[in-house]
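> This is the structure I want to talk about, given as structure tokens.
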Amino acid sequence: MASFYNAPVRFRSEGGAIVVADILHAECGGCGATNYRDRSARLKWAQDHAEKCRALPRR
């Protein structure tokens, strides 16, 4: 049975790109930065990155 804790978390960056943190990693859809640390660190990284990143969404 799937848990809602496994659902990806999305943050919108300053430039409009989406930063996604899921079970295995976090990735910015604008600049391509990634993070593979533990889940709580990934969520914090994704939120902090979304606040700072000004990259536009990649097409």
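> Tell me the label-point distance for the pair Ile18, Ala33, using the 7 Å Cα-to-Cβ offset, in nm and rounded to one decimal.
Between Ile18 and Ala33, the simple spin-label model gives 2.0 nm.
> Could you provide, to the nearest whole Å², the per residue accessible area of the chain with probe 1.4 Å?
Ligands and nucleic acids excluded, the figure is 72 Å² per residue.
> Follow-up. If amide H atoms are built 1.01 Å from N in the plane of the peptide, which residues on other chains or at least 5 residues away come under 5 Å of the amide H of Ala33?
Cys28
> So between Asp48 and Arg10, what do we pick up on full extension, going 0.36 nm a residue minus the alpha carbon distance?
So the extension gain works out to 12.5 nm.
> I need the phi-derived Karplus couplings for the range 34-39: 6.51 cos²θ - 1.76 cosθ + 1.60, θ = phi - 60°, integer Hz, Gly and Pro marked x.
10, 8, 10, 6, 5, 4
> Could you work out what % of the accessible surface of the chain is carbon and sulfur, using a 1.4 angstrom probe and leaving DNA, RNA and ligands out of the count?
55
> Run the helix sum for the chain: -39,500 (n - 2.57) per DSSP H stretch of 4+ residues, divided by residue count, reported at 222 nm to the nearest 500 deg cm²/dmol.
-7500 deg cm²/dmol
The values are calculated or read from the model by the stated rules, or taken from the named source; none is laboratory data. Quick caveat, the model's predicted, so the values are computed rather than measured. Backbone-built Cβ (ideal geometry, glycine too); neighbour counts: all protein chains shown. What goes into the accessible areas is simple: the full protein's heavy atoms, side chains included, and nothing from ligands, DNA or RNA. Shrake-Rupley method; radii C 1.70, N 1.55, O 1.52, S 1.80 Å.
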